[in-house]
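Peer 1: The following block contains the structure, expressed as structure tokens.
The values are calculated or read from the model by the stated rules, or taken from the named source; none is laboratory data. Source: prediction; values computed, not measured. When we count neighbours, we look across all protein chains shown, and the Cβ atoms used for this are built from the backbone with ideal geometry, even at glycine. Accessible surface areas use protein heavy atoms only, side chains included; no ligands, DNA or RNA. Shrake-Rupley method; radii C 1.70, N 1.55, O 1.52, S 1.80 Å.
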Amino acid sequence: MGGKNILLINDLPGYGKVALAAMVPILSRMGHYPFQIPTAVVSNTLDYGKFRIQEMTDYMRDTFLVWKELGFQIDCVCTGFIVSEEQAEIIEGYLKEQKNAPLVVVDPIMADGGKLYNGIGQNRVLAMKKLAAYADVMVPNITEASFLTGIRPGQEYGTQAELRELADGLRAISGKSVVITSALETKAEEENGAQGENTYLVYGYDHIRQEYFRVPYDYLPVRVAGSGDIFSAMVIGELLAGNPLAKAVQKAVKALSGLILENQGHLKEYKGILVERYWEVLSHSGED
């Protein structure tokens, strides 16, 4: 199978193996051709507490015009961090113009840990919800899913029935597939609201197979810069290889878990993971 043209719309770090810096090498190694549009150029990962962000809205608009004149054809579009509502509208306009129906993957990066990121308000949530309506596969974490749907905003856990309700709320937005990452499934709840037995998992729905799925994983208590970007890149690569969504998620979870285990000694430095160095770990994720 020949490589696909994959448009990655995300931020570009000056330092740190995250966002475009993490996704491009993975998809290139899988044999695809990444096209890149940075939504912002960021001096370093935000974990450091001091950073410089240069938004790239005008560049985005101009690049789409140039590519239209050149007749570039895209097979897959993946959106990540978006700086403003205007950028979301620019991407929407681009998607509306595409006649070859590319695979659209939307990671609505805007929240984590039960709350929205600093500087993100309700207008951004609404803009991301509009953009997510174009997604063939939506990949929010559980916090983002709750804010997009308005279902128990900020709640970081749920019973299997509650997770299914959340997935159905996302399906109502796009009508397609959804993947909820970083979910915490409770077996039961006490009368006082305390959590019962917990299982960490990725919960999703495949609109092609019309089936729900859950992929449990072992929780590792470390902060992993760029983990969501690695996960999305792996899922995209597996989908373009013809794997069903549940299988793609299983492989991505296995790969990311392997990378974290290999790197957990220095993850606190916010550098991200040198994915090129660990391609053997990534490639072996596909072995059963």
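Peer 1: For the chain, modelled as a Gaussian network with Cα springs under 10 Å, which listed residue fluctuates most, Val139, Val222, Val202?
Peer 2: Val222
Peer 1: Something else: Short version: ³J(HN,Hα) in whole Hz for each residue of the stretch 69-84, in order, from phi by Karplus 6.51 cos²θ - 1.76 cosθ + 1.60 (θ = phi - 60°), x for Gly and Pro, what are they?
Peer 2: Working through the residues one at a time gives 5, 7, x, 5, 10, 10, 8, 8, 10, 10, 9, x, 5, 10, 7, 8 Hz.
Peer 1: Quick one: 3J(HN,Hα) in Hz for the stretch 227-233, Karplus 6.51/-1.76/1.60 with θ = phi - 60°, rounded, Gly and Pro as x.
Peer 2: Ordered by residue, 3J(HN,Hα) equals 5, x, 5, 4, 4, 4, 4 Hz.
Peer 1: Using DSSP to call loops (not H, G, I, E or B), can you name the trypsin sites (Lys or Arg not before Pro) in the stretch 7-63 whose Cβ has at most 14 other Cβ atoms within 10 angstrom? Don't skip to the answer; put the middle values down first.
Peer 2: Details: sites: Lys17, Arg29, Lys50, Arg52, Arg61; in loops: Lys50, Arg52.
Sparse-neighbourhood loop trypsin sites (Lys or Arg not before Pro): Lys50, Arg52.
Peer 1: Of Ser84, Ser177, Ser182, which has the most accessible area with a 1.4 Å probe, and how do the rest follow in descending order? Please list the in-between numbers first.
Peer 2: Numbers: Ser84 30, Ser177 5, Ser182 60 Å².
Result, largest first: Ser182, Ser84, Ser177.
Peer 1: Now for a different question. Say the dipole of the stretch 59-153 comes from +1 at the beta carbon of Lys and Arg and -1 at that of Asp and Glu; which of Gly150, Phe72, Val105 then lies farthest toward its positive end?
Peer 2: So the residue we want is Gly150.
Peer 1: Remind me, relative contact order of the chain in percent, using alpha carbon pairs under 8 angstrom and six or more residues apart?
Peer 2: 16 percent
Peer 1: Can you pull the percent of the chain's accessible area that's carbon plus sulfur, 1.4 Å probe, other chains left in place? Before the final figure, lay out the partial values.
Peer 2: Values: 6560 of 13440 Å².
Using a 1.4 Å probe with all protein chains present, the chain comes out at 49 percent carbon and sulfur.
Peer 1: Subtracting the Cα-Cα distance from 0.36 nm times the residue separation, let me have the gained length for Glu262 to His207 in nm, one decimal. Could you put the intermediate results ahead of the total?
Peer 2: Working: separation 55, 0.36 × 55 = 19.80 nm, distance 3.41 nm.
Roughly 16.4 nm would be gained on extension.
Peer 1: Would you compute, from DSSP H runs of 4+ residues alone, the mean residue ellipticity of the chain at 222 nm, taking -39500 (n - 2.57) per run and dividing by the full residue count, rounded to the nearest 500? Don't skip to the end; give the middle numbers.
Peer 2: Numbers: 9 runs with 109 residues, N = 288.
Calculated from helices alone, the mean residue ellipticity at 222 nm is -12000 deg cm²/dmol.
Peer 1: Also, I was wondering about something else. Mind checking which of Gly114, Asn141, Val125 is farthest towards the positive end of the stretch 113-167's charge dipole, using Cβ charges of +1 (Lys, Arg) and -1 (Asp, Glu) about the Cα centre?
Peer 2: It is Val125, whose Cα lies furthest towards the positive end.
Peer 1: Sticking with this one: Out of all DSSP beta bridges in the chain, what portion is antiparallel? Express it as a percent rounded to 5.
Peer 2: 45 percent
Peer 1: Can you give me the relative contact order of the stretch 23-121 as a percent, contacts being Cα pairs under 8 Å and 6 or more apart? Kindly include the intermediate steps, with their values, before the conclusion.
Peer 2: Details: 80 pairs, mean separation 21.9, N = 99.
Over the stretch 23-121, the number comes to 22 percent.
Peer 1: How much of the DSSP bridge set in the stretch 27-128 is antiparallel, in percent, rounded to the nearest 5?
Peer 2: Numbers: 5 of 9 bridges.
Percentage antiparallel, nearest 5: 55.
Peer 1: Extension gain Lys99-Gln155, at 0.36 nm per residue separation less the Cα-Cα distance, in nm?
Peer 2: Values: separation 56, 0.36 × 56 = 20.16 nm, distance 3.89 nm.
Additional length available on full extension: 16.3 nm.
Peer 1: So with the 1.4 Å probe, I'd like the accessible area per residue for the stretch 1-89, rounded to whole Å². Please list the in-between numbers first.
Peer 2: Numbers: 4230 Å² over 89 residues.
Roughly 48 Å² per residue, with all protein chains present.
Peer 1: What are the trypsin sites (Lys or Arg not before Pro) within the stretch 201-265 that DSSP puts in a loop, where the Cβ has at most 14 other Cβ atoms within 10 Å? Don't skip to the answer; put the middle values down first.
Peer 2: On the way: sites: Arg209, Arg214, Arg223, Lys247, Lys251, Lys254; in loops: Arg209, Arg223.
Filter output for the stretch 201-265: Arg209, Arg223.
Peer 1: Measure nothing but the geometry: give the 0 to 90° angle between the long axis through the Cα atoms of 160-174 and the longest principal axis through the Cα atoms of the chain, rounded to 10°.
Peer 2: Once rounded, the angle reads 20 degrees.
Peer 1: When the solvent-accessible surface of protein heavy atoms is calculated with a 1.4 angstrom probe, in what order do Ile53, Ile273, Ile120 fall, highest first?
Peer 2: Values: Ile53 65, Ile273 0, Ile120 20 Å².
Ranked list, largest accessible area first: Ile53, Ile120, Ile273.
Peer 1: Please compute the modelled spin-label separation between Val41 and Glu269, points set 7 Å along Cα→Cβ, answer in nm with one decimal.
Peer 2: Each label point is offset 7 Å from its Cα along the Cβ direction, giving 2.5 nm.
Peer 1: Between Tyr278 and Asp58, with labels modelled 7 Å along Cα→Cβ, what's the label distance in nm to one decimal, could you check?
Peer 2: 4.0 nm
Peer 1: Find, among the chymotrypsin sites (Phe, Trp or Tyr not before Pro) in the stretch 201-270, those assigned to loop by DSSP (not H, G, I, E, B) with at most 13 other beta-carbon atoms within 10 angstrom. Walk me through the intermediate numbers first.
Peer 2: Details: sites: Tyr203, Tyr205, Tyr212, Phe213, Tyr217, Tyr219, Phe231, Tyr270; in loops: Tyr217, Tyr219, Tyr270.
Taking the stretch 201-270 and a limit of 13 other Cβ atoms within 10 Å, the loop chymotrypsin sites (Phe, Trp or Tyr not before Pro) found are Tyr219.
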